[in-house]
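Written out below as structure tokens is the structure these notes cover.
The values are calculated or read from the model by the stated rules, or taken from the named source; none is laboratory data. Here the structure is a predicted model, which means the values were calculated and not measured. Here the Cβ is made from the backbone with ideal geometry for all residues, glycine too, and neighbour counts use every protein chain on show. Ligands, DNA and RNA are stripped out before the accessible areas are found, and what is left, the full protein with its side chains, is counted by its heavy atoms. Shrake-Rupley method; radii C 1.70, N 1.55, O 1.52, S 1.80 Å.
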Amino acid sequence: REYSPSSCIYVPRWLNSFLNGHEASRGELPIGVCLRKQTGKYRARCSNPITGKLHNLGYFTTPEAAHNAWLRYKLSLADKLKPEMDAIDMRIHHNVVTIIKSAI
């Protein structure tokens with residue numbers, strides 16, 4: 001690991017927030033998933049930095065299915081945001097996609 005201008009990229013707040021998984025507040029479930037105790041189903045949600053709104057992606061019978069819905073949506077947002085990321089640095093989009101795919 002090396003800290004230098006060639007290995008580090010400043011990212012704006014919106015991009016840092018887009019990648020924040022809120023690990024401390026989400027508990028044991030995968031990222032993007034919460035259990036609705038009333039129904040026993042798992043809800044997938046994801047914040048959209050383009051609209052500034054929290055999107056409900058649906059209810060699922062398993063946490064894995066809910067997480068997969070979150071993953072597909074998050075990757076589609078990353079693709080929509082690619083021009084903004086490329087304007088900052090061409091390395092960002094690839095790294096963002098890698099981070100999203102590794103999120104659990």
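The table that follows gives values for the structure above.
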{"quantity": "Inter-residue pairs, beta-carbon under 6 Å, first farther than 16 Å from I9 by Cα and touching a residue at least 24 places away in the same chain (Cβ under 8 Å) and in the range 76-101, second acidic (D, E) and not in a helix (DSSP H, G or I), 6+ apart", "calculated": "none"}
{"quantity": "Top-ranked residue in the range 30-48 [being open to solvent by less than 50 Å² (accessible area, probe 1.4 Å) and part of a loop (DSSP other than H, G, I, E, B); ranked as farthest from L81 (Cα to Cα)]", "calculated": "G40"}
{"quantity": "Unique residue being modelled with pLDDT under 95 and among the charged types (D, E, K, R) when the list is K74, K53", "calculated": "K53"}
{"quantity": "Any hit, the range 60-72, residues being free of Cβ contacts under 8 Å to residues at least 40 places away in the same chain and under 15 Å from F18 (Cβ atoms)", "calculated": "yes"}
{"quantity": "Residue list for the range 15-33, restricted to those being in contact with a helix residue (DSSP H, G or I) (Cβ under 6 Å, 6 or more places away or on another chain) and either modelled with pLDDT under 80 or among the β-branched types (V, I, T) (or both)", "calculated": "V33"}
